[in-house]
Amino acid sequence: MNVLLVLALTVQQPQDTVVLKPVVVTATRVPVSADLVASAVTVLRGSDLVAQGVRTVAEALETVPGAHVAETGSFGGQTSLFMRGGESDYTKVLLDGVPLNQAGGAIDLAQLTTDNIDRIEIVRGPVSVLYGTDAVTGVVQVFTRTGQGAAHLGADLRGGTYGSTQGAVDITGGTTTIGYSARVSRFSSDGLYPYNNQYRNSVVSAGVRLAPDARTDATLTYRYGDDIYHFPTDGFGAPVDSNQRAAERGPLLSLNAHRALGQHFDARVTAGVKEARLFYNDEPDSPGEDGAFWSRDYVRRATTSALLNWHAPGGASVIGGIEYEDQRQRGTSEFSASFGTFPDSIRAHRNNTGYFTQAIIPAGRAAVTLGSRLDDNSQFGTHATYRAGAVYRLDQVRLRGSVGTGYKEPTFFENFARGFAKGNFKLKPERSLSWEVGVERGAIAVTYFNQRFRDLIEYSPTPVGPDSVNYFNVGAAIATGIETSVNKNVGDRVTVSLNYTYLHTRVEKSGSPSNPNGSFVPGKPLLRRPTHTLAPQVVATLGSRARVIVGARWIGKRDDVGAQRVTLRPYTRVNLAGEYALGSVVLSASMENTFNDQAQEINGFRPRGRVVMLGGRFTIEP
């Protein structure tokens, strides 16, 4: 903690985490000046993430105000994002407009790398009015880069502790008419445990942007991921299995086209699909062990939308659009033991059509945002959401406030499970009502938020109700807090920032109030949400060749479960990174968890210790 206090007083945030002032897209689905946006928005630049040695999007989000990332220790382990105290499936994650969440919002961020990333936009607060389901507490959108200028060919090679290696080759370039980029990467590690903890992640990413004239442009992106994760741990973090493994592979394709129809009108059309094949195997560890399990699943989420945008000088705009989404999953699994074989299968499909509109109306020093959406879902019928906000500039102070609703549809398993658990076809979406107020002055921003969640879906090991189902809508909870960020340039060579989040959560209603170790205990905090999060960081440029980055995170107490409910103690992670340019070669080094803090992030699971990576990048330029 002493290290953190020193950093907080003397250093802080880089060009890497920026509270945006120029133009953003995700908050409104069309480019708009950030000064008109009533939501809290943060942007992370891809070039800064590269300099810090950040390999995954989850790592990049760790210092964002209001966000908490929890992972099960080793490389490739389950990695969850909790935004503003919401559930881990309450944040919609998009890659060039294509949802990465599975049906029902679930997402594991361990495999989402920063390869070929131009920037990441994070919008905090409900955004279901524009993005429908899953966008209850925020949206994270990753944008693929497209090149410009003469072709640049590059190669990266890094290696370090835990037997980790990382390599990649890429190319970027383009003209005023066409821009392109492509990258192939591979990361592997032996993991934390002495056996069965290997991890491998391979990614192919490419993007092409065409602009045949001044009024038309289109972007096509492709990404293919292939990863396999061996893990010896059971559900409580104990290393007990010598051959348990899971794998995922599949493509993503995105098309975004834009055409100016006149001086004040333009049209946008998008289409995208994300497919994944999921594999899980756990054979007996020895000839005498009884029991084996395997599963195979195919998951597909496809979307298409059309949007018309009217805009005028001064920032006024009105958008209207329609979005169609198709979700599918099919799979089989089998548990076998001496007492019998128990096969199971799932084949699920649903679709959704959303109609949305939003207006931004500037008026002198103020601007008002009004939006609404109606979703027609084949599973649970119609659902409406809204959002309203206002900003007001008073000299050097910018005031903003907003209120809105969000929702998340049930998962396929919660609806259709027919194995050891029985799904509930009648489940309603989980819902939220949120409001926030914020003030910004120069390099300082403070936001207060208040969120109420209801119809939370709970699980009962004992079937309940006339339909004898294991899932039902009962839970209710609140999450309130304060986000504070300070970003300051100290001279022209040092950038300092400090992000702090205070979070209070409380379960208000539960279907199993008598269970003291349940996920929802009335009067208790929501699990894995720290009350305090502090993230200082500094970036210093040394001469014309070197850059050094020092950052830290202090995560406060939080409740978790295992054999019984526990309160985990705070932990500190200090990270260092640097790079040095030698012509076409850039040498780099990074050290994660510099002081080897071994406090658990998740109850029962070992954290990663000190991780040192050394290497460099070689670029061939014309």
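The values are calculated or read from the model by the stated rules, or taken from the named source; none is laboratory data. Just so you know, these numbers come straight off a predicted model, no measurement behind them. In this analysis, Cβ positions are derived from the backbone assuming ideal geometry, glycine residues included, and neighbour counts consider all displayed protein chains. Calculation scope for accessible area: heavy atoms of the full protein, side chains included, ligands and nucleic acids excluded. Shrake-Rupley method; radii C 1.70, N 1.55, O 1.52, S 1.80 Å.
Look at the dipole of the chain built from charges on Cβ: of 435, 280, 54, the Cα furthest out on the positive end belongs to 435. Comparing Cα centroids, the range 227-300 and the range 361-400 end up 34 angstrom apart. Of the cross-linked pairs 408/557; 92/422; 274/509; 426/524; 92/426; 488/557, those separated by over 25 Å at the C-alpha level are 408/557; 92/422; 274/509; 426/524; 488/557.
Within the chain, what's the longest stretch lacking chymotrypsin sites (Phe, Trp or Tyr not before Pro) that sit in DSSP loops with no more than 11 other Cβ atoms inside 10 Å? So the longest stretch without any such site is 1-338. Think of the chain as a dipole: +1 on every Lys or Arg Cβ, -1 on every Asp or Glu Cβ, centred on the Cα centre; then among 514, 548, 236, 548 lies furthest on the positive end.
Values (1) 193; (2) 154; (3) 145 are given for comparison; volume of the Cα convex hull per residue in Å³, derived from the coordinates here, is the one labelled (3). In a reduced charge model with +1 at each Lys and Arg Cβ and -1 at each Asp and Glu Cβ, the range 401-529 shows a dipole moment near 160 debye about its Cα centre.
Surface composition of the chain: carbon plus sulfur atoms hold 59% of the accessible area, using a 1.4 angstrom probe and ignoring ligands, DNA and RNA. In a reduced charge model with +1 at each Lys and Arg Cβ and -1 at each Asp and Glu Cβ, the range 502-622 shows a dipole moment near 360 debye about its Cα centre.
Look at the alpha carbon pairs under 8 Å that are at least 6 residues apart: their mean separation over the length of the range 46-102 gives a relative contact order of 18 percent. Take the chain with all the other protein chains still there, run a 1.4 Å probe, and you get 41 Å² of accessible area per residue. Excluding same-chain neighbours fewer than eight residues apart, the aspartates and glutamates reachable from residue 428 by a Cα-Cα span under 17 Å are 87, 89, 134, 375, 376, 409, 414, 455, 458, 467. Charged side chains reduced to their Cβ positions (Lys and Arg at +1, Asp and Glu at -1) give the range 418-475 a dipole of some 180 debye around its Cα centre.
Each Cα pair under 8 Å and six or more residues apart adds its separation to the average, and for the chain the resulting relative contact order is 13 percent. Maximal additional length on extending the residue 490-residue 312 stretch stands at 60.3 nm, based on 0.36 nm per residue less the C-alpha distance.
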